[in-house]
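The values are calculated or read from the model by the stated rules, or taken from the named source; none is laboratory data. What you see is a predicted model; the values in this text were computed from it and never measured. Using ideal geometry, Cβ is built from the backbone for each residue, glycine included, and neighbour counts are taken over all protein chains shown.
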Amino acid sequence: MTSLKIERTPKGVRRIPINVRSLTGEVNGQEFESSLERDLLLLAHWDNEVEWYQSQPVKIEYTDPNGKLRSYTPDLLISFKTDRKPLLCEVKYRSDYAEQWKLLKPKFRAACAYAKANGYEFRVMTEREIRTVYLDNIQFLWSYRTAEYYPEHYEKLKSVLGELVETDPSALLDIAGYTSKFPRGEALWTLWCMIARDWIQYDPNIPLTMKSRIRIAP
């Protein structure tokens, strides 16, 4: 079973206050102050290559164009199990990015320097990078990753799919003999649980449907 990520430290360097103008909350103990930040946390939490992640990870001091000392806190730091550099992220809607560019430019310049000095990569993440088909699939599968499933259907689906090598969910249920409403529903629930746990593979960049191509994970 795929384990869930545990944050590196309980809280970041900056606490996010309750805000009536934007969505705030937590994902696995990590705070967010917009729905876009929440969605990036969902991506980090789901990714099996992510070792840990921390919201509001570090305060970076910089001097603004008027010579005044200021500080800036990026939204998220993600560390990977692979050799990939840790990713320091700022989350911004594209409209805000364009409107606030003059204010953001010295902050981002300071973040780039900080990232380079610490062996990180700094990246601004917008809805274009975050709100993808991959995120839609994760949101659909989210509750199935830890949900209880039916062991008897798991064994049958695994056996039949292993013989077929590749098929789609609808055809798999038909070939496995699930024609009655309630057993078919239980089997489909189990199938989504298997996909959510990465026991069955699919292309996450294509919408997950009853006609998606699926195969047993190696």
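Tabulated results
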item	result
Answer from Ser71, Ser34 - the residue that is under 22 Å from Arg109 (Cα atoms) and either out of contact with any helix residue (DSSP H, G or I) (no Cβ under 6 Å at 6 or more places or on another chain) or among the aliphatic types (A, V, I, L, M) (or both)	Ser71
Lone unmet requirement of (1) in contact (Cβ under 8 Å) with a residue 60 or more places away in the chain; (2) outside the structural domain of Glu49 (by TED's automatic domain parsing); (3) of a type outside the set (Phe, Trp, Tyr) for Gly185	(1)
Filter result for the condition that a residue is under 28 Å from Pro204 (Cα atoms) and β-branched (Val, Ile, Thr), over Val58, Val50	Val50
Counted residues, region 39-74 - those being assigned to a loop (DSSP other than H, G, I, E, B) and closer than 21 Å to Trp142 by Cβ	3
Some residue of region 142-162 being within 30 Å of Asp75 (Cβ to Cβ) and surrounded by 15 or more Cβ atoms within 10 Å (Cβ to Cβ)	yes
